[in-house]
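The values are calculated or read from the model by the stated rules, or taken from the named source; none is laboratory data. Here the structure is a predicted model, which is why all the values come from computation and not from measurement. No Cβ is skipped: glycine too gets one built from the backbone with ideal geometry, and neighbour counts run over all protein chains shown. Note: areas computed on protein heavy atoms with side chains; ligands, DNA, RNA excluded. Shrake-Rupley method; radii C 1.70, N 1.55, O 1.52, S 1.80 Å.
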Amino acid sequence: LALRLAGAADLVFLGLQALIGAVRGRGERLTGGVDAPRLASAKAFRQGLVSNLGNPKMAVFFVSLLPQFGHSFLALVALGLVFCTLTFVWLTAYAAVVARAGDFLRRPRIRRALEGVTGAVLVALGLRLAAER
């Protein structure tokens with residue numbers, strides 16, 4: 001009960017902070033700040049490469065599923081390159097869409113509106129959690 005009430009109070013507190021930030025025009029509390037630092041290109045590439053190479057699902061995929069469709073080493077390499085190309089195209093398109101959405105979401109009016117909606121939802125969730133039996 002104490003943990004639930006503490007969590008509810010925390011949600012209401014965060015929600016009120018967000019609402020106050022939205023009213024005052026400082027939609028920065030939950031969204032990471034207006035001037036959030038950007039990752040350098042080389043560091044972002046390194047981080048993505050390590051993340052992908054350390055992903056055990058890809059190793060399992062390539063070892064277990066791909067050999068069924070390739071009858072020679074050259075065919076396996078070709079399938080691997082097709083997979084890499086498709087992944088690159090998909091992630092590039094995804095990044096472009098996210099960058100465009102980020103540009104839209106960083107507008108002050110949009111940030112304040114999102115901050116206000118987020119604050120209202122957090123307060124409502126906190127109150128509902130506190131009222132639960």
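Laid out as a table, the results:
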{"quantity": "Unique residue being surrounded by 11 or more Cβ atoms within 10 Å (Cβ to Cβ), modelled with pLDDT of 90 or more and touching a Ser or Thr at 6+ places or on another chain (Cβ under 7 Å) when the list is 18, 113", "calculated": "18"}
{"quantity": "Close pairs from the stretch 85-109: first at negative phi, partner open to solvent by less than 100 Å² (accessible area, probe 1.4 Å), Cβ under 6 Å, at least 6 apart", "calculated": "none"}
{"quantity": "Members of the stretch 116-127 found to be open to solvent by 80 Å² or more (accessible area, probe 1.4 Å) and touching a Leu at 6+ places or on another chain (Cβ under 9 Å), listed by number", "calculated": "125, 127"}
